[in-house]
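A short worksheet on the structure shown next.
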Amino acid sequence: MRVAAPLLHFLSLLGDANFPSTSVAKAAGTKVISANGHDIPTLLKAILQLMPLDKSVECPVTLMAVTDADVKRGIKTPIWNTYQEIIDKSEGRKVNMTSLERFAFYERAKKAYAVVNTGETALYTNIILTMGIITD
């Protein structure tokens, strides 16, 4: 009888200019990939051309949720719509995205294989991608 091996999910983090990339990468046991001067939508398009998202998980995209204080201040996240458009187009399907509270997001980020520090200056643009396998 064969026992299925546990699924390994490779997480990639794209952090904005304010994200604590160095400390998260250190906790993850990896190094920061510097993409200073590049925005996240541009990098997201490039990454998804080479690596697909994992189709075996319900929500392969995780965003950092807006804090209650920023919700009260009226902070909006229009870039999330941009992400959805880029991801859906790249994957050729509607992809579910979820969000995590800030500190839960940091904890999940510490499991990332790749931590990319970007020059993105928009608010709440941090994104974790659960990467899949490359097929024909």
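The values are calculated or read from the model by the stated rules, or taken from the named source; none is laboratory data. Here the structure is a predicted model, which is why all the values come from computation and not from measurement. Cβ placement follows ideal geometry from the backbone for every residue including glycine, while neighbour counts extend to all protein chains displayed. Please note that ligands, DNA and RNA were not included when accessible areas were found on the heavy atoms of the full protein model with its side chains. Shrake-Rupley method; radii C 1.70, N 1.55, O 1.52, S 1.80 Å.
Those residues that are over 17 Å from TYR124 (Cα atoms) and either open to solvent by 30 Å² or more (accessible area, probe 1.4 Å) or out of contact with any strand residue (DSSP E or B) (no Cβ under 6 Å at 6 or more places or on another chain) (or both), I need them from the stretch 96-113; list them, please.
Of everything in the stretch 96-113, those that are over 17 Å from TYR124 (Cα atoms) and either open to solvent by 30 Å² or more (accessible area, probe 1.4 Å) or out of contact with any strand residue (DSSP E or B) (no Cβ under 6 Å at 6 or more places or on another chain) (or both) turn out to be ASN96, LYS110, LYS111, TYR113.
With respect to VAL24, determine if the residue is outside any loop (DSSP other than H, G, I, E, B), open to solvent by less than 50 Å² (accessible area, probe 1.4 Å) and in contact with a strand residue (DSSP E or B) (Cβ under 6 Å, 6 or more places away or on another chain). Full working, then the answer.
Details: outside any loop (DSSP other than H, G, I, E, B): yes; open to solvent by less than 50 Å² (accessible area, probe 1.4 Å): yes; in contact with a strand residue (DSSP E or B) (Cβ under 6 Å, 6 or more places away or on another chain): yes.
It is true that VAL24 is outside any loop (DSSP other than H, G, I, E, B), open to solvent by less than 50 Å² (accessible area, probe 1.4 Å) and in contact with a strand residue (DSSP E or B) (Cβ under 6 Å, 6 or more places away or on another chain).
Return the residues of the stretch 28-59 that are farther than 21 Å from GLU107 by Cβ, outside any strand (DSSP E or B) and either open to solvent by less than 50 Å² (accessible area, probe 1.4 Å) or modelled with pLDDT of 95 or more (or both); say none if nothing qualifies.
HIS38, ASP39, PRO41, THR42, LEU43, LEU44, LYS45, ALA46, ILE47, LEU48, PRO52
Which pairs have Cβ atoms under 7 Å, sit 6 or more apart or on different chains, and link a residue in the stretch 74-98 that is within 20 Å of GLU58 (Cβ to Cβ) to one that is among the acidic types (Asp, Glu) and part of a loop (DSSP other than H, G, I, E, B)?
Going by the 7 Å Cβ cut-off, the qualifying pairs are ASN96/GLU58.
Can you confirm whether the stretch 60-69 contains a residue that is surrounded by fewer than 18 Cβ atoms within 10 Å (Cβ to Cβ), touching a strand residue (DSSP E or B) at 6+ places or on another chain (Cβ under 7 Å) and among the β-branched types (Val, Ile, Thr)?
no
For the stretch 77-87, name all the residues that are surrounded by 13 or more Cβ atoms within 10 Å (Cβ to Cβ) and either at pLDDT below 95 or not aromatic (Phe, Trp, Tyr) (or both). Lay out the reasoning, then the answer.
Initially, the stretch 77-87 is screened for residues surrounded by 13 or more Cβ atoms within 10 Å (Cβ to Cβ), giving 77, 79-80, 82-84, 86-87.
Within the stretch 77-87, THR77, ILE79, THR82, GLN84, ILE86, ILE87 meet the criteria.
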